[in-house]
Amino acid sequence: MQVGLVGLGRMGGNMRERLRSAGHEVIGYDRDPSVSDTAGLTDLVNRLTPPRVVWLMVPVAVTEATVRELGALLSEGDIVIDGGNTRYTDDAPRAAWLHERGIGYLDVGVSGGIWGREAGYALMVGGAEEHVSRCMPIFMALKPPGEFGFVHAGPVGAGHYAKMVHNGIEYALMHAYAEGYELMRASGLITDVPGVIKSWREGTVVRSWLLDLLDRALDEDPDLSGLRGYVEDTGEGRWTVEESIRLAVPLNVIAASLFARFASRQEDSPAMKAVAALRREFGGHTVRKG
């Protein structure tokens, strides 16, 4: 197939190379001219043969504007694929707007990070069956080899919803490994914490790719002394917790892992200062001055 790819950063650039290695023609656009194949979106659309497929891998902040610009350039029968981390509630209005112009829309949750070029990408797709079927050669080239790694999750919005939940689970798994690492370091009993992490990679029920990546990080820096314990979030964890509130589904672990990220950004917690003040007032406990 021929596909236009907008956004050639850490994931988009590797996706372009994986698709090309599978024999597909990829014409890419990026704001960085050093990696772009085209001079802009108009040039990209003009170089694609109708009916076109254009895949977006751009930040959430510019996705809507990019879709709108493309919608004015594309023709009836074309398809737009949003592979970014869009909030699922944005998908249906976007699909409806494109549908008025005869343009199809698919939302695709993409997981694989910087390793996807070699290992493949897990793809969670939302949209109409006719659009999914037409784009299957692209999906098959991007997914990992084997039976799994691709799902048509449901109608428009289902792909990004699945990816939202995926990333919420990712938050929780990462934090569980991190807490275990810290507890072992504090124990005074375990003398080889990185070795324990490494031993878990084979045969245990907690083995995973995330554990493999923690082991890799500890190989490079056993005490993680080169890092600051400051962790951002890109939105999906928040959306997962907000959705749990909407549906009254308890997400105790995922919510706690999100709040832990918030705590990582505080130099000195105002809440804990208040707790220290209360202990001093009712119990006369010593309070350390900042």
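Taken together, the values in this text are just the output of simple stated rules run on the coordinates, not laboratory data. Everything quoted here is computed from the prediction, not taken from an experiment. Heads up, the Cβs are rebuilt from the backbone with ideal geometry, glycines too, and the neighbour counts pull from every protein chain shown.
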Which value in Å does the Kirkwood hydrodynamic radius of the range 77-116 take, with 1/r averaged over all unlike C-alpha pairs and then inverted?
11.0 Å
Cα-based Rg and Dmax for the range 35-89, where Dmax is the largest Cα-Cα distance (Å):
11.3, 32
Over the chain, what is the relative contact order in percent, taking alpha-carbon pairs closer than 8 angstrom and at least six residues apart?
12 percent
log₁₀ of I(q)/I(0) at q = 0.10, 0.16, 0.18 Å⁻¹ - the range 2-154, Debye sum with one point per alpha carbon
-0.30, -0.82, -1.07
Quick one: which of 194-203, 259-268 comes out on top by average Cβ neighbours within 10 Å, and what's the full order, highest first?
194-203, 259-268
How far apart, in nm, are two points set 7 Å out from the Cα along the Cα-to-Cβ line at residue 247 and at residue 271?
2.5 nm
Enter the Cα centre distance for the pair the range 148-225 and the range 1-75, rounded to the nearest angstrom.
32 Å
Once whole DSSP H runs in the chain are found, which of them have Cα atoms spread over 15 Å or more along the helix axis and a mean Kyte-Doolittle score of at least -1.0?
60-73, 129-142, 158-187, 209-220, 236-247, 252-264, 270-283
Quarter of Cα convex hull surface for the range 83-200, i.e. mean projection, nm²
9.2 nm²
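Estimate the FRET efficiency between residue 65 and residue 230 by the formula 1/(1 + (r/R0)^6), using the beta-carbon distance for r and 35 Å for R0, to the nearest 0.05. Show your work: numbers first, answer last.
Details: r = 30 Å, r/R0 = 0.85.
The calculated FRET efficiency here is 0.70.
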For the chain, build the convex hull from the C-alpha positions and give me its volume per residue in Å³.
186 Å³
Likely footprinting exposure, 160, 131, fewest C-beta neighbours within 10 Å first
131, 160
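Could you work out the local net charge near residue 215, counting Lys and Arg as +1, Asp and Glu as -1, over the other residues with Cβ closer than 14 Å to its Cβ?
-2
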Kindly give Rg over Rh for the range 164-270, based on alpha-carbon atoms, with the Kirkwood expression for the hydrodynamic radius.
1.00
Using a 7 Å offset from Cα along Cα-Cβ at residue 119, what residues in the range 39-67 end up with backbone N under 16 Å from the label point?
none
Given 4 °C, 1.567 mPa s and a Kirkwood radius over Cα pairs, the Stokes-Einstein diffusion coefficient of the range 151-212 in µm²/s is 94 µm²/s
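Quick check on the exposure proxy: order 206, 253 from fewest to most C-beta atoms within 10 angstrom. Each step should come with its number before you reach the end.
Values: 206 12, 253 15.
Sorted ascending by nearby Cβ count, the order is 206, 253.
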Fraction of antiparallel bridges per DSSP, the chain only, in percent to nearest 5
20 percent
Quickly work out the residue 212-to-residue 101 label distance, labels modelled 7 Å from Cα along the C-beta direction, and quote it in nm with one decimal.
4.1 nm
Straight-distance crosslink candidates among aspartates and glutamates, where the alpha carbon sits under 19 Å from residue 198 and sequence neighbours closer than 8 are dropped:
179, 182, 212, 215, 219, 220, 221, 223
What are the equivalent ellipsoid semi-axes of the range 213-290, built from the alpha-carbon gyration tensor (square roots of five times its eigenvalues), in whole angstrom, biggest first?
29, 25, 10
